[in-house]
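Down below is the structure, laid out as structure tokens.
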Amino acid sequence: MVTYEVCVELTDADLVPAFETYMRDKHIPEIFATGCFVHVHFDVDQSNPQRYRTAYHAASQADLDRYMHEHGPAFRADFIAHFPSGVQPARSLWTQQQVWQQQA
């Protein structure tokens, strides 16, 4: 499992409603519809309600690479068109090393 994580800090609190609507109703559903990811979650930081994290979980590096090459540039451009200022995105890639789960 490979995780592409995008954290966004809104430097303009007035953007919060528009940002949440855009992410929930457009951006994340459209990215998920590419079929490159098996699971996505969208979180808000409890200690800073203007900081968000979206984690896109791909089953393989090949799926993530396909997203980055075939879809990523257009989604980044759309995000910038909707939020040309007032946001600070940071991106990172994570490779799962081990998982612990409760047994039923």
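Derivation of every value follows stated rules applied to the coordinates shown; laboratory data play no part. Here the structure is a predicted model, which means the values were calculated and not measured.
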Once normalised by the length of the chain, the mean sequence separation of its alpha carbon contacts under 8 Å that are 6 or more apart gives a contact order in percent of 47
Note: Q103 to D25 extended length (0.36 nm per residue) minus current alpha-carbon separation gives 24.6 nm
The chain: antiparallel bridges as % of DSSP beta bridges, rounded to 5, reads 100
Using alpha carbon positions and the Kirkwood radius, the Rg to Rh ratio of the chain is 0.99
